[in-house]
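A.B. asks: Structure incoming, see below.
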Amino acid sequence: MFEPSAPLILFIALTFLLAGFVKGVVGLGLPTIAVGLLGLSMPPLQAAALLIAPSVVTNIWQLTGGSRFTALLHRLWPMLLGIFIGTLAASWLLGSQPLHYATSVLGIALVAYALLGLGKVHFQVTPATEHWLAPVIGALTGAVTAVTGVFVIPSVPYLQALGLQKEELIQALGLSFMASTLALAISLMHSDTLQQGPLFGASLLALLPALGGMFLGQWLRQRISQERFRQWFFCGLLLLGANLALRF
């Protein structure tokens, strides 16, 4: 049972302020940072449930913040559909049984990808490859989401390999994370975690610091160059991957 106290509420607010700021700067990181820090003071399932409202609203803000929404949706819908199918299928197959070390392995893969990016090793997805690769990437991302609660692998490397510009990439990430969040919320409906009144209320209250942090992060992102953004993007992935890799 979730029993909020004043110190816990303050800790939740500061956690979502930081997570929202990172998301505002590089377009990702809110789930990983929030669940990672909240896991210090509550069960992982409660932390994931707290994440639902801030994640949904910040992703809506992120995916509607650019001018390419319709074009990106038309281009990415096979991947988004794959995310839904992969998340729900993996949740149904695995149930509540965790896969040990899955999150750590995911973190190692993310660190390796970030180091390649910082080393300016470029990956590119051609239009012909994108046609069949998008639903596969989506399904794999959904399966990883169901197992770890993290949305970034392999969708983030795939989107980055499409050669999108800074604001296009941010908007595409918002679309991907929105699909993952909704699919994860549906899978959590099988438990009674989301039905707890105090937990649902705390999730709504967490919106305020998350939105405040995201506003500050976006303000900073708009004042940096494409190359600086690229560097910060991969540094963010490196830190997120290291955080995941150190979990046991």
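A.B. asks: All but one of (1) in contact with a Phe, Trp or Tyr (Cβ under 6 Å, 6 or more places away or on another chain); (2) within 13 Å of PHE151 (Cβ to Cβ) hold for VAL26; which doesn't?
C.D. replies: For VAL26, the failing item is (2).
A.B. asks: Something else about it: Give the residues of the stretch 203-248 that are within 18 Å of ALA109 (Cα to Cα) and not in a helix (DSSP H, G or I), sorted by residue number.
C.D. replies: LEU246, ARG247, PHE248
A.B. asks: Additional query: Of the conditions (1) at pLDDT 90 or above; (2) under 18 Å from LEU162 (Cα atoms); (3) surrounded by 15 or more Cβ atoms within 10 Å (Cβ to Cβ); (4) among the hydrophobic types (A, V, I, L, M, F, W, C), TRP132 clears all except one; give me its number.
C.D. replies: So the condition that TRP132 fails would be (3).
A.B. asks: Exactly one of (1) at pLDDT 80 or above; (2) not in a helix (DSSP H, G or I) is unmet by TRP77. Its number?
C.D. replies: Checking TRP77 against (1) at pLDDT 80 or above; (2) not in a helix (DSSP H, G or I), the one that fails is (2).
The values are calculated or read from the model by the stated rules, or taken from the named source; none is laboratory data. These numbers were taken from a predicted model, which means no experiment stands behind them. With ideal geometry, Cβ positions are generated from the backbone for all residues, glycine too; neighbour counts draw on all protein chains shown.
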